[in-house]
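Okay, structure first, notes after.
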Amino acid sequence: MDQVAQWMRFESEFISSNEYDNPLQEVSMQVDFTSPDGIKHNLNGFWDGGKSWKVRFSPTTTGTWSYKTQSSDSGLDGNEGSFECVPYSGDNPLYTHGALRLSDNRRYIVHDDGTPFFWLSDTAWNGVLLSTEDEWEKYLKDRVNKNFTAIQYVTTQWRAAQGDREGRPAFTGKENIAVNPEFFQRMDKRVNALNDHGLIASPVLIWTCTAKDPGQTVPNDQLTILASYMVARYGAHQVIWMLGGDGNYREEKSERWKQIGRDVFGEDHHRLITMHPGGVQWIADEFRSEPWFSFNGYQSGHGDSDKTLRWLCEGPPAKEWDKEPVIPIINLEPNYEAHKAYHSKKPHDAHAVRRATYWSLLVSPPAGVTYGAQGIWSWQLEPDEPMDHKGSGVAQPWYDVINLPGSRHMKYLKKVFSDVRWWELVPAPELMEEQPGKDDPHKFVAAAVSADKSWAFLYLTERMTIKLNMDMLDDPKIIKWFNPRNGQWMEASEIADGQDKFTSPDEQDWVLLINGKEDI
């Protein structure tokens, strides 16, 4: 009997009795998996070229699993088998702790065993499309070394890549699409590598921004077929789905995507799911009650005007995180490092990246944040402006851009949040007796406190003296400063009686920790 470790992938191949002109449209295969305790899980199989059909499944419990296929094709119908799920014995966190789900309070993401999962993602949109295996391996090793936990990418041709590195599209046609198995076989290796490195794969299934993108060129029924194919192919991987990418999914336009989500995922989905809307758009109210929608992703985008900054630190992310039913809030695309800002036309530097990421983590209950860099997202092979992204600036090759300082600072961001019980934090703007950002949003101080008011976490964008409402905290005794540029803590110092003002150590940005004891 075949064996597969818990949370990893079981795969089996089946041979159809006929070879079809367009298998995606002409035939389907479903597979019922039955757990050791008799619970059934129904999955779709997928066509993989010629007469080959496959199914992939990630077992959730140890013991003997059985399966049986159903199809209108006689070769694909009535196949039965079993395999033994054994405990995982390695050190990959995706399998030692299990698949991802929402925490019990629905504020953040946890593994199956309850271990909190801190989302720190990178936008390598073109990465799986354009990288070679060696390039992808080099990139993933770098991101793991910098403590990233997820990678976002696009799964089909879109405005910035009309196919893979060999020029193959994911699908052809519009009214009656046909998938290209060779495209996805190539992608399989990139997605496998993500999980092998302990990284969550986070694919955008349907990019929607421009008239070139599938979300604007393919009708709803065909989008459902296309997305369902990719879910069948990669649903056994450790993934978080993004159904739509960079589109307008608000108000009446949301109805289309709600229906596609219901048709693709149903109510018995096995992975977390979100949307990736366009810049400074908030879609939580439209989707939070959808049975397939797990958390609210947003994009604060690449602007640097006062209005744009205030949208992030004083707008919906800061004001609407506690609406019912509550869901995690994650900024899936803050400003990209080295990308030209929309308003000043100056490239965003590492400070702008740090400011956006720390703000994003503290104006809503922290669940995670995404980093991005000009040249990484487009998988630039030589210096040039990325395809169909006029005005974003010249992008340097990806192998140079992976070393930008902002990406190193993400390692330190992950460190400071790992040093504390970040999942206890909730926004506390009232902790600020005086808000420096009132007159200048560049000086906004983001403040959060633990739910029991025993400790506080603040981010200061530059050298300043802040005045706090210390009565909010329960017996504050010590302060510590964390340097987000080198990952070092300064030695703790005691808080004097009546002290309510604190001055950051130098002209740069700093994290301030206030606590009643050393261990938090």
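The values are calculated or read from the model by the stated rules, or taken from the named source; none is laboratory data. All values reported here derive from a predicted model rather than from experimental measurement. Virtual Cβ from ideal backbone geometry, glycine too; neighbours counted across all protein chains shown.
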Exercise for the section: Scan region 324-334 and give yes if some residue there is within 19 Å of SER300 (Cβ to Cβ), surrounded by 24 or more Cβ atoms within 10 Å (Cβ to Cβ) and acidic (Asp, Glu), otherwise no. Expected result: yes
Problem - LYS453 without any contact (Cβ under 8 Å) to a residue 24 or more places away in the chain, surrounded by fewer than 19 Cβ atoms within 10 Å (Cβ to Cβ) and closer than 23 Å to GLY368 by Cα - result: yes
Completion exercise
Selection from region 211-252 of residues small (Gly, Ala, Ser) and under 22 Å from LEU94 (Cβ atoms) yields ALA232, GLY235, ALA236
Handout entry: TRP311 buried (at least 21 other Cβ atoms within 10 Å of the Cβ), more than 26 Å from VAL416 (Cβ to Cβ), touching a residue at least 24 places away in the same chain (Cβ under 8 Å) and not acidic (Asp, Glu)
Key = no
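Residue by residue, here is whether (1) closer than 28 Å to PHE295 by Cβ; (2) free of Cβ contacts under 8 Å to residues at least 12 places away in the same chain; (3) not assigned by TED's automatic domain parsing to the domain that holds LEU199 holds:
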residue	(1), (2), (3)
ILE15	no, no, yes
ASP21	no, yes, yes
ASN44	yes, no, yes
ASP48	no, no, yes
TRP53	no, no, yes
SER72	no, no, yes
GLY75	no, no, yes
Exercise for the section: Hey, can you tell me all the residues within region 117-139 that are farther than 26 Å from ASP213 by Cβ and either crowded, with 19+ Cβ neighbours inside 10 Å or not assigned by TED's automatic domain parsing to the domain that holds HIS197 (or both)? Expected result: PHE117, PHE118, LEU120
Fill in the blank from the handout: PRO441: passes all of (1) touching a Leu at 6+ places or on another chain (Cβ under 9 Å); (2) over 25 Å from ILE514 (Cβ atoms); (3) not acidic (Asp, Glu) but (2)
Practice task
Would you check if there is a residue in region 438-445 being under 24 Å from ARG485 (Cα atoms), under 24 Å from the mean Cα position of the chain (by Cα) and part of a loop (DSSP other than H, G, I, E, B)?
Solution key: no
Problem - Enumerated helices (runs of 4 or more DSSP H) restricted to region 247-325, each holding at least 3 residues that are over 18 Å from SER360 (Cβ atoms) - result: 254-265, 284-287
Practice task
Output yes when any residue across region 376-390 is assigned by TED's automatic domain parsing to the domain that holds HIS339, among the β-branched types (Val, Ile, Thr) and surrounded by fewer than 23 Cβ atoms within 10 Å (Cβ to Cβ), and no when none is.
Solution key: no
Practice task
State which residue is nearest to ALA352 (Cα to Cα) when the search covers only region 482-509 and only residues that are touching an Asp or Glu at 6+ places or on another chain (Cβ under 9 Å) and of a type in the set (A, V, I, L, M, F, W, C).
Solution key: PHE482
Fill in the blank from the handout: When region 236-246 is checked residue by residue, the ones that are crowded, with 24+ Cβ neighbours inside 10 Å and either in a loop (DSSP other than H, G, I, E, B) or of a type in the set (Lys, Arg) (or both) are GLN238
Exercise for the section: Tell me which residues, restricted to region 495-516, are modelled with pLDDT under 95 and exposed (fewer than 12 other Cβ atoms within 10 Å of the Cβ). Expected result: ALA496, ASP497, GLY498
Fill in the blank from the handout: Of the residues in region 180-217, those that are aliphatic (A, V, I, L, M), touching a residue at least 40 places away in the same chain (Cβ under 8 Å) and either in a loop (DSSP other than H, G, I, E, B) or within 14 Å of GLN238 (Cβ to Cβ) (or both) come to VAL191, ALA193, LEU194, LEU199, ILE200, ALA201
Practice task
Using the structure shown, decide if ARG106 is in contact with a strand residue (DSSP E or B) (Cβ under 8 Å, 6 or more places away or on another chain), of a type in the set (D, E, K, R) and under 30 Å from ASN335 (Cβ atoms).
Solution key: no
Completion exercise
Scanning region 446-470 residue by residue, those in contact with an Asp or Glu (Cβ under 9 Å, 6 or more places away or on another chain) and either at pLDDT below 95 or assigned to a loop (DSSP other than H, G, I, E, B) (or both) turn out to be ALA451, ASP452, LYS453, SER454, THR461, GLU462, ARG463, ASN469
Problem - Top-ranked residue in region 339-358 [being surrounded by 24 or more Cβ atoms within 10 Å (Cβ to Cβ) and aliphatic (A, V, I, L, M); ranked as farthest from MET387 (Cα to Cα)] - result: ALA356
